[in-house]
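Report on one structure; see the data block that follows.
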Amino acid sequence: MASDVHSQALARHFNELIRATGPVTVERWMADCLGHPEHGYYITRDPFGVDGDFVTAPEVSQMFGELLGLWCAQTWLQMGSPSPVRLVELGPGRGTLMADALRAAKALPAFLEAIDIHLVETSPVLRRKQKEALAGHAVSWHDQFEDVPEGPALILANELFDALPVRQFIKQDLNWLERMIDMDPQSVDSFRFVTSPGPSPAASLLSIDLDYCADDSIAELCPAGIRLANSIGARLKDHGGAALIIDYGYRQSQSGDSLQALLHHEPHDVLAQAGEADITAHVDFSMLARSAAEAGAQVHPIVEQGLFLTALGLDQRAAALKASAPQDVASEIDAAHQRLTAPDQMGTLFKVMAISHPELGDLAGFEETI
């Protein structure tokens with residue numbers, strides 16, 4: 001099977017790398033498993049939906065993307081209606097969110113005329129899906145955010161930051177060692193967690209109170225997420241606009257091992273079948289906020305997804321869709337509403353953070369929820 005070929009190739013890749021340089025960081029493991037140019041998880045497949053490994057909010061209901069589209073249109077008006085405005089999505093999946101957002105944005109034709117759509121996507125498989133979903137729209141694709149042309153921008157990132165590689169540190173005998181991955185001497189093509197031989201200077205970058213963590217505590221740091229948040233903040237400060245970051249994670253920094261893998265919607269061993277499972281870690285929103293603010297941007301209150309969508313009018317949109325729907329479809333709408341907002345589903349674990357130009361002021365969906 002093709003999947004076995006990719007997994008075996010990645011196992012060989014890590015074996016060779018470890019033999020040459022020693023154990024690899026969790027960051028390197030995660031980066032290569034997800035993004036290796038030939039065998040990475042996101043490069044070789046469409047991982048979304050019932051037939052994939054996980055379901056994101058845009059796949060749960062059209063209401064999610066529609067409300068984000070209306071938020072973009074409202075924010076564009078607040079920006080003074082610049083034309084053109086870059087409408088940017090980072091990690092756009094199948095293009096479902098953008099397609100739903102554009103459909104809802106028809107309510108403001110001037111906004112549709114002003115937007116210049118840019119998608120930041122490295123997967124050739126997902127780019128093909130996005131082209132199908134957005135047929136009829138002029139779209140530009142980029143490998144990285146920095147390649148998006150300058151100018152005022154509205155930026156969306158839903159479940160992107162959780163897939164950015166993290167470094168892990170473990171406290172042992174009052175020292176913070178880096179958690180690493182080595183070959184398992186007991187099994188061919190198997191891997192195990194080990195620790196760095198000495199304290200890691202990079203642990204000083206962690207924002208938790210290191211002195212109060214117990215022995216064997218694990219802490220995480222996402223360098224790529226911090227850099228991206230800083231780039232977004234600098235871009236918005238210099239050129240105007242706003243960004244929405246939606247993901248699961250912590251409002252405040254905390255210790256804990258959040259590294260996890262999913263295969264066919266079930267938990268999977270992070271170190272098994274490299275490149276076959278989705279690997280993610282919880283997002284530290286306070287660290288992203290600090291990085292964006294240091295770049296000169298305004299960071300708005302971090303709110304729960306359920307409260308945010310409700311403030312944007314999810315209840316009213318669900319009622320409107322149900323009004324003309326048969327009973328079975330109405331039940332599906334109710335289930336989707338619950339999935340997006342319920343505390344025991346996506347409502348509280350998922351957070352929403354907005355970043356904007358310092359002079360943009362309050363943004364819809366934030367001040368209403370606190």
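The values are calculated or read from the model by the stated rules, or taken from the named source; none is laboratory data. Since the structure is predicted, the reported quantities are computational estimates derived from the model, not experimental observations. Cβ atoms come from the backbone with ideal geometry, glycine included; neighbour counts cover every protein chain shown.
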**Request:** Examine the stretch 259-282 for a residue that is in contact (Cβ under 8 Å) with a residue 24 or more places away in the chain and in contact with a Lys or Arg (Cβ under 8 Å, 6 or more places away or on another chain), and state whether such a residue exists.
**Result:** yes
**Message:** The conditions are (1) of a type in the set (A, V, I, L, M, F, W, C); (2) at pLDDT 95 or above; (3) not in a strand (DSSP E or B), and Ala364 fails exactly one of them. Which is it?
**Reply:** (2)
**Request:** Could you check how many residues of the stretch 194-216 are within 28 Å of Ala272 (Cβ to Cβ), crowded, with 16+ Cβ neighbours inside 10 Å and more than 25 Å from the chain's Cα centre (by Cα)?
**Result:** 4
**Asked** Somewhere in the stretch 181-203, is a residue in contact with a strand residue (DSSP E or B) (Cβ under 6 Å, 6 or more places away or on another chain), within 17 Å of Ala219 (Cβ to Cβ) and not in a strand (DSSP E or B)?
**Response** yes
**Asked** Taking Val329, is it of a type in the set (A, V, I, L, M) and closer than 23 Å to Ala364 by Cβ?
**Response** no
**Request:** Give the residues of the stretch 89-115 that are surrounded by fewer than 18 Cβ atoms within 10 Å (Cβ to Cβ) and either of a type outside the set (Gly, Ala, Ser) or not in a helix (DSSP H, G or I) (or both), sorted by residue number.
**Result:** Arg103, Lys106, Pro109, Leu112, Glu113
**Request:** Kindly check whether there is at least one residue in the stretch 229-243 that is in a loop (DSSP other than H, G, I, E, B), farther than 21 Å from Pro343 by Cα and out of contact with any Pro (no Cβ under 8 Å at 6 or more places or on another chain).
**Result:** no
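This table checks each residue for (1) over 18 Å from Arg127 (Cβ atoms); (2) surrounded by fewer than 20 Cβ atoms within 10 Å (Cβ to Cβ).
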position	(1), (2)
His6	yes, no
Thr21	yes, yes
Glu59	no, yes
Cys72	yes, no
Gln78	yes, yes
Leu87	no, no
**Prompt:** What number goes with the only condition from (1) touching a Pro at 6+ places or on another chain (Cβ under 8 Å); (2) within 19 Å of Leu236 (Cα to Cα) that Thr96 does not pass?
**Reply:** (2)
**Request:** Go through the stretch 54-88 and count every residue that is in contact with a helix residue (DSSP H, G or I) (Cβ under 7 Å, 6 or more places away or on another chain), of a type outside the set (Val, Ile, Thr) and assigned to a helix (DSSP H, G or I).
**Result:** 16
**Prompt:** Restricting attention to the stretch 24-39, does a residue exist that is part of a strand (DSSP E or B), modelled with pLDDT of 95 or more and out of contact with any Asp or Glu (no Cβ under 6 Å at 6 or more places or on another chain)?
**Reply:** yes
**Message:** Contact list please: Cβ distance under 7 Å, first residue in the stretch 151-167 and touching a residue at least 60 places away in the same chain (Cβ under 8 Å), second residue assigned to a loop (DSSP other than H, G, I, E, B) and among the hydroxyl-bearing types (Ser, Thr, Tyr), pairs at least six apart or on different chains.
**Reply:** Asn158/Thr56; Glu159/Thr56
**Prompt:** Out of the stretch 243-298, which residues are over 17 Å from the mean Cα position of the chain (by Cα) and of a type in the set (D, E, K, R)?
**Reply:** Asp257, Glu266, Asp269, Glu276, Arg290, Glu294
**Prompt:** If you check Arg127 against the conditions, is it among the basic types (Lys, Arg), touching a strand residue (DSSP E or B) at 6+ places or on another chain (Cβ under 9 Å), surrounded by 14 or more Cβ atoms within 10 Å (Cβ to Cβ) and without any contact (Cβ under 8 Å) to a residue 60 or more places away in the chain?
**Reply:** yes
**Request:** Examine the stretch 285-296 for a residue that is more than 20 Å from Trp71 (Cβ to Cβ), in contact (Cβ under 8 Å) with a residue 24 or more places away in the chain, surrounded by fewer than 20 Cβ atoms within 10 Å (Cβ to Cβ) and in contact with a Ser or Thr (Cβ under 6 Å, 6 or more places away or on another chain), and state whether such a residue exists.
**Result:** yes
**Message:** Exactly one of these conditions fails for Leu271: (1) farther than 30 Å from Arg86 by Cβ; (2) surrounded by 22 or more Cβ atoms within 10 Å (Cβ to Cβ). Give me its number.
**Reply:** (2)
**Complete:** Filtering the stretch 131-170 down to residues that are assigned to a loop (DSSP other than H, G, I, E, B) and surrounded by 14 or more Cβ atoms within 10 Å (Cβ to Cβ) yields Leu134, His137, Val148, Gly151, Pro152, Glu159, Leu160, Leu164, Pro165, Val166
